[in-house]
1. Sort out which residues of the range 100-131 are within 20 Å of residue 149 (Cα to Cα), among the β-branched types (Val, Ile, Thr) and not in a helix (DSSP H, G or I), and write them in order of number.
2. Report, by residue number, each residue of the range 114-154 that is charged (D, E, K, R) and over 22 Å from residue 100 (Cα atoms).
3. For residue 251, all conditions in the list (1) of a type outside the set (Val, Ile, Thr); (2) at pLDDT 95 or above; (3) surrounded by 15 or more Cβ atoms within 10 Å (Cβ to Cβ); (4) over 29 Å from residue 174 (Cα atoms) hold save one; what is the number of the exception?
4. Considering only residues that are in a loop (DSSP other than H, G, I, E, B) and either within 20 Å of residue 86 (Cβ to Cβ) or aromatic (Phe, Trp, Tyr) (or both), which ones fall in the range 1-53?
5. Looking at 78, 46, can you tell me which residue is surrounded by fewer than 17 Cβ atoms within 10 Å (Cβ to Cβ), of a type in the set (S, T, N, Q) and closer than 24 Å to residue 3 by Cα?
6. Can you tell me which residue among 123, 112 is surrounded by fewer than 16 Cβ atoms within 10 Å (Cβ to Cβ), within 27 Å of residue 79 (Cα to Cα) and not polar (S, T, N, Q)?
7. Report whether or not residue 63 is under 25 Å from the mean Cα position of the chain (by Cα), farther than 20 Å from residue 128 by Cβ, surrounded by fewer than 15 Cβ atoms within 10 Å (Cβ to Cβ) and of a type outside the set (A, V, I, L, M, F, W, C).
8. Which fully enclosed helices (runs of 4 or more DSSP H) of the range 147-228 have 1 or more residues being closer than 22 Å to residue 134 by Cβ and within 23 Å of the chain's Cα centre (by Cα)?
Amino acid sequence: MEDIIKHFYKELDVCSARSLDRIEYAFYLAMNLEDLCRNFIRYLSNTDVRNKLLRHINNRAQSKDGVIPSWFLEKLLNEFFSSVGRRRISLGTAIKVLRDYYTPEDLRDFFRWQIFSEGISDRKRAYHISEACYNDDVEGLLIKAWKKFGDEGSISVLVKVGSTEKIVDIFKEIWDSDKIKFYIKNEALKKVACFDFSRVSFIEEESPVSFLSASIAAGRNVTDEFVLSTARSADSINELGYILWCAGKLSKRDVILKLINEIEYIEGKLPLEFWELKFHGLA
């Protein structure tokens, strides 16, 4: 079969037009989906060409301008399972990008193949596609992977789509982990607080601002003194602003009135943020 891509770039190399990138894009646009797929396999080891082909394959499928051939999807999976090294990575990336065109069962095979890999890249691919094939089995494997590796990726998926009961069981581990971003912890916190508030009570002393978040999420009241104490111990102007928002959400009108008399003193202990300097004309 004629290598049309090789011929195209041979011609392009001697051209110095300003519209080279547009010519290149138009060339791939002119190829049908079948040819894009066949050339993807042929150019699997060429990163630049492979990525352009994959982008056009995915764009074509997303715009409903053709259907990705079943032989191509099957070949990617089969070769992935039997490949190693960079070839395996390239195939895995393609499957991840084209995950919407695989059946959930095919994706579960792909997921199981990587979820306990010692390679973090493999596990990240597994986490990335897990939502598209989520079921109880996938959830159980994600929890086992969390226990083994402590990856943020596994928790991110569990918090987003997992059963709250399972999140409750491992919430203390999530909260204590230094590998998990705060926004993910906070989402877990709100879910657990709504399900069983007693499971988040341990943060009342160690993280009072987060305890306010949990209380609002679960519709629980807190004492006026707790809100006042939390405001007085704020670490930043942004945190103080959030505490004031919490006071409003909790209908703590008396607290807000009391803070009017204290707010300047509290702010005086807090460092100026870079945006404050500009906002107040101090920069």
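The values are calculated or read from the model by the stated rules, or taken from the named source; none is laboratory data. The model shown is predicted, which means the values in this text are computed figures rather than measured ones. Using ideal geometry, Cβ is built from the backbone for each residue, glycine included, and neighbour counts are taken over all protein chains shown.
1. If the condition is that a residue be within 20 Å of residue 149 (Cα to Cα), among the β-branched types (Val, Ile, Thr) and not in a helix (DSSP H, G or I), then 115 is the only one that fits.
2. Taking the range 114-154 first, the residues charged (D, E, K, R) are 118, 122-125, 131, 136-137, 139, 144, 147-148, 151-152.
Those that are charged (D, E, K, R) and over 22 Å from residue 100 (Cα atoms): 118, 144, 147, 148, 151, 152.
3. Looking at each condition in turn, residue 251 falls short on (3).
4. Listed by number, the residues that qualify are 43, 44, 45, 46.
5. The match here is 46.
6. Being surrounded by fewer than 16 Cβ atoms within 10 Å (Cβ to Cβ), within 27 Å of residue 79 (Cα to Cα) and not polar (S, T, N, Q) holds for just one of 123, 112, which is 112.
7. On the way: under 25 Å from the mean Cα position of the chain (by Cα): yes; farther than 20 Å from residue 128 by Cβ: yes; surrounded by fewer than 15 Cβ atoms within 10 Å (Cβ to Cβ): yes; of a type outside the set (A, V, I, L, M, F, W, C): yes.
Criteria met by residue 63.
8. Working: elements: 152-161, 164-176, 182-195, 203-206, 208-218.
Output list reads 152-161, 164-176, 182-195.
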